[in-house]
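The values are calculated or read from the model by the stated rules, or taken from the named source; none is laboratory data. These numbers come from a predicted model, not from an experiment. No Cβ is skipped: glycine too gets one built from the backbone with ideal geometry, and neighbour counts run over all protein chains shown.
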Amino acid sequence: MWKYKDFFSSTVGLEKLTLGEGYTPLIKSKWIGPSLGLENLYFKLETVNPTGSYKDRFASLALANIRRRKGKICLATSSGNTGAALAAYAAALGIPCKVAIVDGAPYGKLRQMQIYGADLFMVKDFGIDGQVTSDTFDTLSKIAVENATEIQVSAYEYSALGMEGVETISFEISEDLPSVKHVFAPAGGGGLTLAIAKGFEKWKDKHPNVISPKVHCVQPTGNNTIAGNLRNGILEAQSIEKSTTKISGLQVANVIDGHQTIAACRLSGGTGFLVDDASVYRYQRLLATKEGIYTEPAGAVALTALTEALDHQTILKKDPTIVIITGSGFKDNESSDQMVSGLSIKKITDLTTLASYFN
């Protein structure tokens, strides 16, 4: 990731802090793409980052900035992946990490944060109720000021420099597949989608002859703050009273980066898609059983929009298209349990019986 440091807005005094993030593979679909009639569908596997998600790109740059500012603490909010990434990089830096957790965050993600040494505080209804979420951010911002630090949230509104690390996804795509026409990204608060759109614009600024892809924003129907308005030509995102989706990581009732995300996607020629939770879980399972890619549910959200995109001719079957697979399935125990519900392990008492199953 740090090979792109010349793209970062602020590098004076910024020392490289890395655990090996970035350089993630771009894998051509072997089954899902052909089954949809898509000739050139690719998956950008952010699952292989050090803590298992694209948030490592954010944490690498965010913690490097804390070190530059001689910060003594990493104060953050998270539904899981951000907290895990920040906890790991804070551990590498040798400073404590304290995280206010979204209510109902998956157990596997909480354990991962604790393994890296983070202190966790789960706030009732945080990330679900719009008012509680807003009040929590206000409180944490005051705590950050009192501790001469900044609240670390994977959003431009709170940590713009850290989010520039996420933009490197677009730089890698631009080098690996210059012909890409469409990129689909999942959104909660919009930061990832915005980072990808910004990344392609920055790449184009330095490579004027490049044709940037259209960036499409995909959200669960139970958290429609950005995608619906983008699709309907509305200029701004809207907060909702309560997020009802069960897709961890995308339960963001507030606008956060939503306004900018709409503008950036529209500038790229992209649009918005809404998908239901049941379809997301179905594609999560297909990714595992047909492509060998084990992702958390949020990582299957963008893929779920492809059928509708084809039906509306937003994309053509020959178009090189990339779906961002955001994080590892090993982070979400509940969805893992759901995926294997009803399956059993055959217990064998003798080798003759074992052999019969293979004949």
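Considering 218, 180, which residue is under 19 Å from the mean Cα position of the chain (by Cα), of a type in the set (A, V, I, L, M, F, W, C), modelled with pLDDT of 95 or more and crowded, with 21+ Cβ neighbours inside 10 Å?
On the way: 180 fails: under 19 Å from the mean Cα position of the chain (by Cα).
Going through 218, 180 in turn, the sole match is 218.
Would you point out the residue of region 138-175, among those that are more than 20 Å from the chain's Cα centre (by Cα) and among the acidic types (Asp, Glu), that is nearest to residue 87 (Cα to Cα)?
150
Considering (1) buried (at least 22 other Cβ atoms within 10 Å of the Cβ); (2) in contact with a Leu (Cβ under 8 Å, 6 or more places away or on another chain); (3) within 29 Å of residue 133 (Cα to Cα), say which one residue 67 fails and leave the rest.
Of (1) buried (at least 22 other Cβ atoms within 10 Å of the Cβ); (2) in contact with a Leu (Cβ under 8 Å, 6 or more places away or on another chain); (3) within 29 Å of residue 133 (Cα to Cα), only one is false for residue 67: (1).
Residue 228 is checked against (1) closer than 20 Å to residue 321 by Cα; (2) part of a helix (DSSP H, G or I) and fails just one. What number does that condition carry?
(1)
Scan region 173-181 and tell me whether some residue there is in contact with a helix residue (DSSP H, G or I) (Cβ under 9 Å, 6 or more places away or on another chain), outside any helix (DSSP H, G or I) and of a type outside the set (Gly, Ala, Ser).
Looking for residues that are in contact with a helix residue (DSSP H, G or I) (Cβ under 9 Å, 6 or more places away or on another chain), outside any helix (DSSP H, G or I) and of a type outside the set (Gly, Ala, Ser), one finds at least one in region 173-181, hence yes.
Considering only residues that are outside any helix (DSSP H, G or I) and small (Gly, Ala, Ser), look in region 285-326 and name the one that is nearest to residue 249 (Cα to Cα).
305
Of all residues in region 7-32, count the ones that are more than 15 Å from residue 163 (Cβ to Cβ), of a type outside the set (A, V, I, L, M) and modelled with pLDDT under 95.
Residues in region 7-32 being more than 15 Å from residue 163 (Cβ to Cβ), of a type outside the set (A, V, I, L, M) and modelled with pLDDT under 95: 2 in total.
Which is more than 16 Å from the chain's Cα centre (by Cα), modelled with pLDDT under 90 and surrounded by fewer than 23 Cβ atoms within 10 Å (Cβ to Cβ), of 260, 338, 313? Reasoning before the result, please.
Working: 260 fails: modelled with pLDDT under 90; 313 fails: modelled with pLDDT under 90.
Criteria check complete, one pass: 338.
Hey, residue 321 hits all of (1) surrounded by fewer than 21 Cβ atoms within 10 Å (Cβ to Cβ); (2) in contact with a strand residue (DSSP E or B) (Cβ under 7 Å, 6 or more places away or on another chain); (3) of a type in the set (S, T, N, Q) but one; which does it fall short on?
(1)
Any chance region 271-282 includes a residue that's of a type in the set (Gly, Ala, Ser), part of a strand (DSSP E or B) and either under 21 Å from residue 233 (Cα atoms) or over 16 Å from the mean Cα position of the chain (by Cα) (or both)? So that I can check it myself, show each step before the final result.
Restricting attention to region 271-282, the residues satisfying the condition of being of a type in the set (Gly, Ala, Ser) are 272, 278-279.
Imposing the further condition that a residue be part of a strand (DSSP E or B) reduces the set to 272.
Of the ones still in play, those that are also either under 21 Å from residue 233 (Cα atoms) or over 16 Å from the mean Cα position of the chain (by Cα) (or both) are 272.
Taking every residue of region 271-282 in turn, at least one turns out to be of a type in the set (Gly, Ala, Ser), part of a strand (DSSP E or B) and either under 21 Å from residue 233 (Cα atoms) or over 16 Å from the mean Cα position of the chain (by Cα) (or both).
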